[in-house]
Amino acid sequence: MATASIHQGVQPALARIVGASKTYGAGENQVTALSDATLDIMPGEVTLIEGPSGSGKTTLISILGLLLTPTTGEIWLEGQNVAGLGERHLPALRARHFGFVFQGFNLFPALTALENVSMAIQMKDPTFKRPKDEARRLLEQVGLGPRVHHLPADLSGGQKQRVAIARALGGNPPIIIGDEPTAALDTKTALSVMELLRELATTHGRAVVVVTHDPRLERFADRVVRVEDGRISSVDSPRSHA
Ligand code: ADP
Ligand code: MG
């Protein structure tokens, strides 16, 4: 594998959305949720997606994460436009490239933190050896080493979101996508969860893409993408790497 040196200094995008649009319904009921969105997702970068409710943020990241097929446009992964691939090709691509974190954590209440994460690892790759060891390693990475045997009900909101982040890291996907992952958390906890996501980008080279309403998270971002009425209205780079 002698490809690493080809991109000296210039990182290739991990994923690229080009001219993506999504229209729901037909005729009078037609809603254009997203129009002509173009976005590159780079390794090591935190990208925030901001915009009013209903502006198309979830649609944008769902298209990125292959949870939703765009009506028109391209999604590039591994040098291939995957927008034209059939549904049966998508689960494997999704599992390999993306980890997802949601506002409501979406943990299984009857499973411990360790079991929630190890089950996700097994679902992504049934041949994975010793998934519990890997789950423990990921929970330690997000600062939950002492709580691996707790049930979700016995964890705080911030701790639950850390379990969800550990679960998203299962299978080692290069891109972590969060849909308002801090919206259910108090400010201090939200900032610490965002700090963890920032660290995953800086230290582990992940691309982190986070939808938020909270402008205080901008300090953690390399790029802020604003979405209005289904269009990307601006892209800023608030964070200095000096
Ligand atoms: P946001 O995440 O910014 O709140 P969404 O991407 O969820 O926005 O939605 C964008 C627009 O698309 C909204 O007008 C919403 O009502 C509409 N929409 C989203 N999902 C559907 C759907 N499954 N069917 C019809 N309209 C939808
Ligand atoms: Mg949304």
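Rounded if a/c is under 1.5, else prolate if a/b beats b/c, else oblate: with a ≥ b ≥ c from the C-alpha gyration tensor eigenvalues square-rooted, which is the stretch 59-131? Oblate, since a/c reaches 1.5 and b/c is not below a/b. Since only Q122, G51, V225 are under comparison, the one whose Cα sits farthest along the positive direction of the charge dipole of the chain, derived from C-beta charges on Lys, Arg, Asp and Glu, is Q122. Checked against a 22 Å cut-off, the cross-linked pairs K124/K160; K160/K188; K57/K124 give Cα-Cα distances beyond that limit for K57/K124. When you restrict to C-alpha pairs under 8 Å that are six or more residues apart and normalise by the size of the chain, the relative contact order lands at 27 percent. Farthest toward the positive end of the dipole of the stretch 1-141, out of N106, G86, M42, is the Cα of N106, where the dipole comes from beta carbon charges about the Cα centre.
If a/c stays under 1.5 just call it rounded; otherwise compare a/b with b/c (prolate if a/b is bigger, oblate if not). Do that for the stretch 1-136, with a ≥ b ≥ c from the square roots of the Cα gyration tensor eigenvalues. Oblate is the answer for the stretch 1-136, as a/c is 1.5 or above yet b/c matches or exceeds a/b. Taking Cα centre as origin and charging only the Cβ of basic (Lys, Arg, +1) and acidic (Asp, Glu, -1) residues, the dipole magnitude of the chain rounds to 680 debye.
Rounded is the label for the chain, because a/c, from the alpha-carbon gyration tensor with a ≥ b ≥ c as root eigenvalues, stays below 1.5. The charge dipole of the stretch 42-184, taken about the Cα centre with unit charges on the Cβ atoms of Lys, Arg (+1) and Asp, Glu (-1), comes to about 460 debye, rounded to the nearest 20. Neighbour counts of other Cβ atoms within 10 Å put K132, K22 in the fewest-to-most order K132, K22. In terms of other Cβ atoms within 10 Å, S62, S156 run from fewest to most in the order S156, S62.
No lab work stands behind these numbers, since they all come straight from the coordinates. The model shown is predicted, which means the values in this text are computed figures rather than measured ones. Glycine also receives a Cβ, built like all others from the backbone with ideal geometry; neighbour counts cover every protein chain displayed.
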